[in-house]
Every structure is written in C-alpha cells, then in structure tokens.
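Here the structure is laid out as structure tokens; the discussion comes afterwards.
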Amino acid sequence: MAISPGPDNIYVLVQSISHGKSYGMATVCGLITGCIIHTTLLAFGVSAIIAANENLFLGIKILGSLYLLYLAYKVYKSDTSLNLNSEHVPKKSLKQLFVQGFFMNVLNPKVTIFFLAFFPGFLFSDSMNTIWQFYILGGLFMLVSFLIFSIIALLAGKIKTYTLKHKNSGFVLKWLQIVVFVGIAVFILT
C-alpha cells in the first residue's frame, strides 16, 4: 500500500524532484511522525471498544472491509496517468516541510479511517494487550512507509524518468493498489 501512488508519496516525490532529496526526506519524517498520533488514538480508542463488545468489533471489521472495497473502487475509477509536474511547487524550509508533512497526515481523516479499517483485522494475539498490538502494527506500518517513502525521495530523478518513459507504469500501479485493497478486505473478514 505504501508503494501505490497516493497524495503522500506523490508529494514526497514532487518535493524531491523540485528541491532535492533532503526536502523529500523532511516531508517523509513529518508524514511518519503523524502516524504516531493515529496509532495512539486507535490503540486507546479501539482497544476500549474491543474489550467492551465483540459484536462491535465485528462491525468495525465489516465497515473496514467495506471502506477498503470502496477505496479499491475509487482507484478503479481513477485515471492511470501520474502527474509529476513540479513547476508550481513552492520551496519551503526543511522544518516547514516536516511540519507540513506531520499536519498533512494528522489532519487527514482518511488516514484515521484507514487505520481503523486496517489494524483490527491484524490483531495477532488473544493473550497480549491490544494496545501493545496496535503499537506493534503501527510501528511496522511506519517502518514500511518510511522505507518506501525514503526510497521514493532518494530515487526521485530515476522514478520520474522511468514513469515518463513507461506510460503503462500508472496502469500497473493502479491495478496493484486495487488488488492490495481487495485482498486486505477479504483477509479482514476471514
């Protein structure tokens, strides 16, 4: 999911192409730091819900799966082209990009909904505290996202050249994203 073209990784790519790798990495660090807030809200909010009612947990899983199927549908209806135009990207300081990345992530309700839809289906232990499980899952998500976003920032020039040469790359990324969303939705329900 971190590989699929979304606003976060496209923004990292555009900042890196426009101003250099360090600017992309500042954005990456802000985005990942924002995930800590989502993980904490999820860990303490959903943990209490799960402890109180198993039927409610099943409802959350069903709604989460439906949300992921909705995302797959939205991707299906979207255009396959990738717009990497960096002409109108204003230059900001590294601190400004970090702060902007943080707030982009924290204030994005889609991230909260995604965490709520995604994480409960991957709880892995009946004996371990759910709060710790959510933090472990959040940490893994942040690690994977940090690695993918960092690779995007560090390889921005090559990525731009590749996508401009290979017009089908948007099509492949689109269908990869659809398969991942549908696969996770099915996994959550099983």
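The values are calculated or read from the model by the stated rules, or taken from the named source; none is laboratory data. These numbers come from a predicted model, not from an experiment. All Cβ positions, glycine included, derive from the backbone under ideal geometry; neighbour counts span all protein chains shown. With ligands, DNA and RNA removed, areas are computed over all heavy atoms of the protein, side chains included. Shrake-Rupley method; radii C 1.70, N 1.55, O 1.52, S 1.80 Å.
Key figures for this structure:
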item: Surface accessible to a 1.4 Å probe, per residue, for the residues of region 93-146, Å²; result: 57 Å²
item: Probe 1.4 Å, all protein chains present, accessible-area order of Asp8, Asp79, Asp126, largest first; result: Asp126, Asp79, Asp8
item: Per-q log10 I(q)/I(0), the chain, q = 0.09, 0.10, 0.16, 0.18 Å⁻¹ (Debye; single scatterer per alpha-carbon; no solvent); result: -0.36, -0.44, -1.04, -1.23
item: Glu54 versus Ile151: modelled label distance in nm, points set 7 Å from Cα along the beta carbon direction; result: 4.0 nm
item: Kirkwood Rh (inverse of mean 1/r, distinct Cα pairs), region 1-43, angstrom; result: 11.1 Å
item: Largest to smallest accessible area among Tyr67, Tyr76 [probe 1.4 Å]; result: Tyr76, Tyr67
item: Cut-off 17 Å (backbone N to label point 7 Å along Cα→Cβ of Asn129), residues of region 35-68; result: 39-52
item: Under 22 Å, Cα to Cα: Lys pairs in region 78-190, sequence gap 8 or more or different chains; result: 8
item: Using alpha-carbon coordinates, inclination of helix 54-77 to the longest axis of the chain, degrees; result: 20 degrees
item: Added length on full extension, which subtracts the Cα-Cα distance from 0.36 nm per residue, Leu107 to Leu69; result: 11.4 nm
